[in-house]
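This report concerns only the one structure given below.
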Amino acid sequence: MCLAIPGRVVEVPDETNQLALIDVAGVRRTVNIALLDGGEEGPGALVGQWVLIHVGFALSKIDTQEALATLELLQEMGADYDQELRELRASVIE
């Protein structure tokens, strides 16, 4: 099963290639943020915001309430959510 899961943008170390470090349930991975709009301030404005990620891309920004509610629902899925986190830990985007 492939899920879009919420993560929080920790930093944007590579604005040129639009790559951000995202924290998903304690797992930190580099994710492409090219599909998001950082506004006039640029990609760095995304730091601290919640996003939905899927296969290495941040698909959309979401608010904190939606992120926490989604995480709670995903955790209730048990094994499927655990599998998604295992796959995230094993993934690398360079």
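The values are calculated or read from the model by the stated rules, or taken from the named source; none is laboratory data. Bear in mind the structure is a predicted one, so any value in this text is a computation, not a measurement. For neighbour counting, all protein chains shown are included, and Cβ atoms are generated from backbone atoms with ideal geometry for every residue, glycine included.
Quick notes on this structure:
- Taking first residues from region 72-94 that are at pLDDT below 75 and partners that are in a helix (DSSP H, G or I) and not aromatic (F, W, Y), the Cβ contacts under 8 Å between residues at least 6 apart in sequence or on separate chains come to Y81/L74; Y81/Q75; E84/L74.
- Pairs, first of a type in the set (D, E) in region 43-63, second outside any helix (DSSP H, G or I), C-beta under 7 Å, six or more apart: D63/W50
- Residue in region 12-33 that is within 19 Å of L74 (Cα to Cα), of a type in the set (V, I, T) and in contact with a Pro (Cβ under 8 Å, 6 or more places away or on another chain) present: yes
- Residue check for I5: modelled with pLDDT of 90 or more, under 27 Å from Q75 (Cα atoms) and not charged (D, E, K, R): no
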